[in-house]
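For reference, the structure discussed in these notes is given below.
The values are calculated or read from the model by the stated rules, or taken from the named source; none is laboratory data. This is a predicted model, so every value here is computed, not measured. Note that each Cβ is placed from the backbone with ideal geometry, even for glycine, and that neighbours are counted across all protein chains shown. Heavy atoms of the whole protein, side chains included, go into the accessibility calculation; ligands, DNA and RNA do not. Shrake-Rupley method; radii C 1.70, N 1.55, O 1.52, S 1.80 Å.
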Amino acid sequence: MMAESHEAAFYDRHWEHTRTATDPHIVAKGDRLLALLPEGVRTLADIGCGDGYLTRRLAERHDVIAVDRSAVALDRLRETASIRAIQASADAIPLPDRAVDLVFSSQMLEHLPADVLHGAAREMQRLATAHLLVTVPHRETLRRRYARCSTCKLQFHIDGHLHAFDAAALDQLFPAFERIHTELTGPLEPPTYAPLEWTRQHLCHHWWMWDDLRLVCPRCGETSLRKPRRGPLRRATERGLDHLADLWSRRAGRAPQPYWIVTLYRRKAAT
Ligand SMILES: [Zn+2]
């Protein structure tokens, strides 16, 4: 449904009006990631670096190769001397095998169509001499953040996420490596269920949009997407749904969970 979102132009548009560094959760994650870097790591590659807040944090102490499809994102990194920027797709990175000690990837894998995802995982394993440090949303209910285009009716995740991961799903992507550290971090995400979100969207017209954020439809390019106007009946229905969801979560013993999982991998000993 969303293969279009992998186009470089999508990421350029995204980074033209998105900056992550002001988000305190991202700043806190940067602190954790720096603390997790193993002893002896000197060089690293940041695959899908985006606008590079975390890339710059890593570059305070390491030589960093920043890889992204978006020229807009990379332009923001070129001023930092210890960063080398490469514009490339994550599944075809023009670097030699074992080019760096550690390959880092934050909030990237969940964006990739399946074929690119597996190509990217192969590239990450090929480039890393010793370690992978990977973070993605943890068990995200993708539908929660769906918007709907008022022009072509495409339903799409506002951040372009195509996959939800847990630790086991990440392990399968990196068979040459073993996971040696796992933690959850980030803003707390209340429990939800895809059918509940579907009902919220179709019955209550609750699509994930903000009045102050410019969304672009990844299929037709519509730029004037706005929150749908909703009458009192739809709002009352949604309050009822919220109440039901709350009861359901309590009965199922589901508590809010941090939004991201952070995993550190070490290359398996050669057999
Ligand atoms: Zn559209």
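Quick notes on this one:
- For residue 195: the one exception among (1) more than 16 Å from the ligand (Cβ to nearest atom); (2) in contact (Cβ under 8 Å) with a residue 12 or more places away in the chain; (3) not aromatic (Phe, Trp, Tyr): (2)
- Hey, residue 200 in contact (Cβ under 8 Å) with a residue 40 or more places away in the chain and either exposed (fewer than 13 other Cβ atoms within 10 Å of the Cβ) or within 28 Å of residue 261 (Cβ to Cβ) (or both) or not: yes
- Qualifying residue in segment 148-161 (condition: part of a loop (DSSP other than H, G, I, E, B), modelled with pLDDT of 90 or more, within 16 Å of the ligand (Cβ to nearest atom) and charged (D, E, K, R)): yes
- When residue 238 is tested against (1) within 17 Å of residue 154 (Cα to Cα); (2) in contact with a helix residue (DSSP H, G or I) (Cβ under 7 Å, 6 or more places away or on another chain); (3) open to solvent by less than 60 Å² (accessible area, probe 1.4 Å), just one condition goes unmet, and that condition is (1).
- Members of segment 58-71 found to be in a helix (DSSP H, G or I) and surrounded by 20 or more Cβ atoms within 10 Å (Cβ to Cβ), listed by number: 58, 59
- Of the residues 225, 241, 215, the single one that is outside any loop (DSSP other than H, G, I, E, B) and either within 16 Å of the ligand (Cβ to nearest atom) or over 23 Å from the mean Cα position of the chain (by Cα) (or both) is 241.
- Number of the exception - residue 179 against (1) at pLDDT 90 or above; (2) assigned to a loop (DSSP other than H, G, I, E, B): (2)
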